[in-house]
Amino acid sequence: MEGLGSDGAEVASPLAQWRSDFARAFQYYLDRSTPHTLHRWLGTLVVAMIYILRVYYVQGFYVVSYGLGIYVLNLLIGFFSPKVDPELEALDGASLPTKGADEFRPFVRRLPEFKFWYSITKAFIVAFIMTFISVLDVPVFWPILLCYWIVLFVLTMKRQILHMIKYKYVPFDIGKQRYTGKK
């Protein structure tokens, strides 16, 4: 019985080894893409355009597109929301001064930009793959779905913008502010 696990190391199957190597290489390239924001978003735009063209030419999969739209809307809310919600922080009672001379607190997103990009890209890729599964092509009257999604988008963004105005935060970073000295 000397040969059965005596060295403590298990021999990995070739499939598990390939999966591990693939995951490591994928993570390497994902990490290398992190600082290249514009290129990442252009790639996502290309993936989205391929998906839109696929749906247009097939003339179907409107329910898949609706689900994708709801998911992207949910990600957008997380991207525009602060990590610490001022509304919930006020209920805790342990908050810093909120009137007059407020202390500067930078805007920290609930969903960081990289995770937002990665989730949207994965969603478009999964939705594109779903367009090859004929069972998911449910016949629906797509203008109703589109109108319903637009109403959801407008109401959700209105609520989010009112929340931004009420608590005075801006989720956009235009770049480093430059101050001019006295002239």
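Structural remarks
- Some residue of the stretch 84-100 being crowded, with 17+ Cβ neighbours inside 10 Å, at pLDDT below 95 and over 16 Å from LEU45 (Cα atoms): no
- Per the conditions (1) within 18 Å of MET164 (Cβ to Cβ); (2) modelled with pLDDT of 95 or more, the sole criterion not satisfied by LEU111 is (2).
- Failed item, numbered, when LEU38 is tested on (1) at pLDDT below 90; (2) open to solvent by 90 Å² or more (accessible area, probe 1.4 Å): (1)
- Selection status of ALA23, farther than 23 Å from THR156 by Cα, open to solvent by less than 80 Å² (accessible area, probe 1.4 Å), assigned to a helix (DSSP H, G or I) and at pLDDT 90 or above: yes
- Close pairs from the stretch 45-58: first closer than 12 Å to ILE120 by Cα, partner assigned to a helix (DSSP H, G or I), Cβ under 7 Å, at least 6 apart: VAL47/THR121; VAL47/PHE124; VAL47/ILE125; ALA48/PHE124
- Of residues in the stretch 117-145 being among the hydroxyl-bearing types (Ser, Thr, Tyr) and open to solvent by 60 Å² or more (accessible area, probe 1.4 Å), the one nearest to SER81 (Cα to Cα): TYR118
- Some residue of the stretch 146-167 being outside any helix (DSSP H, G or I) and either modelled with pLDDT under 95 or open to solvent by 50 Å² or more (accessible area, probe 1.4 Å) (or both): no
- Single residue of TYR51, TYR62, TYR71, TYR57 found to be at pLDDT 90 or above, over 22 Å from PHE153 (Cα atoms) and aromatic (Phe, Trp, Tyr): TYR57
- The residues of the stretch 118-141 that are hydrophobic (A, V, I, L, M, F, W, C) and in a helix (DSSP H, G or I), listed by number, are ILE120, ALA123, PHE124, ILE125, VAL126, ALA127, PHE128, ILE129, MET130, VAL135, LEU136.
The values are calculated or read from the model by the stated rules, or taken from the named source; none is laboratory data. Being a predicted model, the structure only gives us computed values, none of them experimental. As a convention, Cβ positions derive from the backbone with ideal geometry for all residues, glycine included, and neighbour counts pool all protein chains shown. With ligands, DNA and RNA removed, areas are computed over all heavy atoms of the protein, side chains included. Shrake-Rupley method; radii C 1.70, N 1.55, O 1.52, S 1.80 Å.
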